[in-house]
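First up is the structure itself, then whatever we jot down about it.
The values are calculated or read from the model by the stated rules, or taken from the named source; none is laboratory data. Computed from a predicted model, the values in this text were never measured in an experiment. Cβ coordinates were reconstructed from backbone atoms using ideal geometry, including for glycine residues, and neighbour counts include every protein chain displayed. The protein model used for the area step is the full one, side chains on, heavy atoms only, and it has no ligands, DNA or RNA in it. Shrake-Rupley method; radii C 1.70, N 1.55, O 1.52, S 1.80 Å.
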Amino acid sequence: MYSIIHSGGLDGIRSYQADVEVDVGKGLPGFYMVGKLSGEVREAKERVKVSMKNSGIYLPPVQITVNISPASISKNGTAFDLPIAIGILNSLDMIPQKHLDNTCIIGELSLDGNVRQVNGVLPIVLAARDAGFLRCIVPGANRSEASFVEGIDIYPVNTLLETIDLLSGDELTPSLYEDAVIDKEQEKDNLLFEDIVGQEACKRAALIAASGFHHLLIIGPPGTGKTMIAKRIPYIMPPLTVDESLEVSSIYSVAGLLSEEKPIITMRPFRSPHHTATMQTLAGGGRFARPGIISLAHRGVLFMDEFPEFSRECIEVLREPLEEKRIHIARVNSMSTFPADFMLVAAANPCPCGYFPNRNKCNCSLPQINHYRSKMTGPTKDRIDITVTADKTDPDRLIDYKGAGADYVYTTEAMRNTVLRVRAVQSRRFMGTDISYNSEIPPSLINRYCKLGKKEIEFIKEAMNAMDFSARAYHKILKVARTIADIEECDTISIDHLSEAICYRGA
Ligand SMILES: [Zn+2]
């Protein structure tokens, strides 16, 4: 029961290939480390043991011997923690050999089982590539620098468990929490809508969506600020209550994403999976059944940029959480259920290249465009109440822009106050029912909560005939009109509210 894990170390600014050899045998239980190691490297022993225990992994009473070669170089740093842990688990047959042969592994372990950032990742990854390794497992926080190196696959990991899942899979799939790399911008206390120039229609749509908890689709060419809008939505939602904060933190705790610096989640989550994400990444799962990105977005915003590029499976997997606000994950012998009550914000380009209808730039054929758009239909799209278009900002506006605060209406603060007021209106309206928001009004109660006057009925009838709405579209329009009326502090829905809601109807 012997294994070799490939790793690398730093000698000054030069890096070298290192092999972590682990032998696990009978004999007096103990943990021995050799190989010209500094004190820091020797302490790996404690970090590895505690980190495993806190990840729920219990080692049998065995004698563990670790040797880090080459013996001629003295080893420093903490990057050998993760390869040592993986070597022990491999020696105990708890991790298969198959993905280990061409893999270089580096990472420090913290006592709670997280994989911590280490120094010198860039030169180590470069050396690994030059030595012919196919892939490198690195701490999530080092992902960006590692990704600069071409010609080697990078697998960022944030926890020990995640690393085990990764190496135990039939195929190496990208990290379960690929998007968990801390987004510097998102770490701020407050992202301001007034930092975005123009895009009033999108800001208005975001305000309505957040007020009535409607799911939102933003369509527009690249570079129009779709992501900026989406990222700001959690900041206009009401702050998490204490109970909600504990609930969200529990999910992050199970996922191994809480740290000493951030032991509790107090901000509404914003999660933005990449469109290459797998279904498991979104839904959760793995050997230890951990929550997926969908559940990490619980009580916050799930932002799916380039929505039509997601696999059909991924889009399909949203159906259950959108209907039931939770997700079931099938395991070998059991089912796990995780909460998944999020606001979906999807974004899409108008065509595969992104520039339609600007025919100077867009060469997409109509069948291509239709095929692309057809991916946006189906049960998930049916749940999206509001569709809005982001346009290229008028250059004059950029030049005239007077800076943050000049745009009075769509400031983050003003928007948040409106959302709070409208949510209070809804709490009163739905008291004693199991409805919380206008978006949840079922078809059977539409006429009760979204009552229309005579003129308004005439108006909507005409619009339905002219534009050929489905019954579903009709319901969406009424629910969104209800939220707009609430924003305008009106008890009754007017023709203005209806016409605005019709604009958000989408395809
Ligand atoms: Zn195009």
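For segment 272-388, the alpha-carbon coordinates run over 55, 26, 21 Å along the three principal axes, in decreasing order. Axis angle, to the nearest 10 degrees, between helix 44-54 and the longest C-alpha principal axis of the chain: 40 degrees.
Note: segment 423-477, Cα convex hull, 86 Å³ per residue.
With protein chains left intact and a 1.4 Å probe, residues in the chain average 46 Å² of accessible area per residue. A protection proxy built from the mean count of other Cβ atoms within 10 Å ranks the segments 44-51, 27-34, 473-480, 142-149, most packed first, as 473-480, 44-51, 142-149, 27-34.
Take the Cα of Thr337, go 7 Å toward its beta carbon, and the backbone nitrogen atoms of segment 290-330 under 20 Å from that spot belong to 290-300, 317-330. Of the beta bridges in the chain, as assigned by DSSP with both residues counted there, near 45 percent are antiparallel.
Taking amide H atoms as placed 1.01 Å from N in the peptide plane, the amide H of Val62 lies under 5 Å from those of Gly30, each 5 or more residues away in sequence or on another chain. Ligands, DNA and RNA left out, the 1.4 Å accessible surface of the chain is 52% carbon and sulfur atoms.
Pair-distance distribution P(r) for segment 2-168, from all Cα-Cα distances in 10 Å bins starting at 0: 11, 44, 37, 7, 0 percent. Legend: distances between Cα atoms for Lys203/Lys226; Lys451/Lys476; Lys325/Lys381; Lys75/Lys262; pairs beyond 19 Å are Lys75/Lys262. Equivalent-ellipsoid semi-axes for segment 193-408 (Cα gyration tensor, √(5λ), whole Å, largest first): 31, 23, 13. Straight-line reach from Lys454: taking Cα to Cα under 19 Å and skipping same-chain neighbours fewer than 8 places apart, the lysines in range are Lys479.
Between the Cα long axis of helix 81-91 and the first principal axis of the chain there is an angle of about 70°, rounded to the nearest 10.
I'd like the orientation of helix 454-467 relative to the chain: the angle between its Cα long axis and the longest Cα principal axis, in ° from 0 to 90, rounded to 10. Around 60 degrees separate the two axes. What the Cα atoms of the chain give is an Rg and a Dmax of 26.4, 89 Å.
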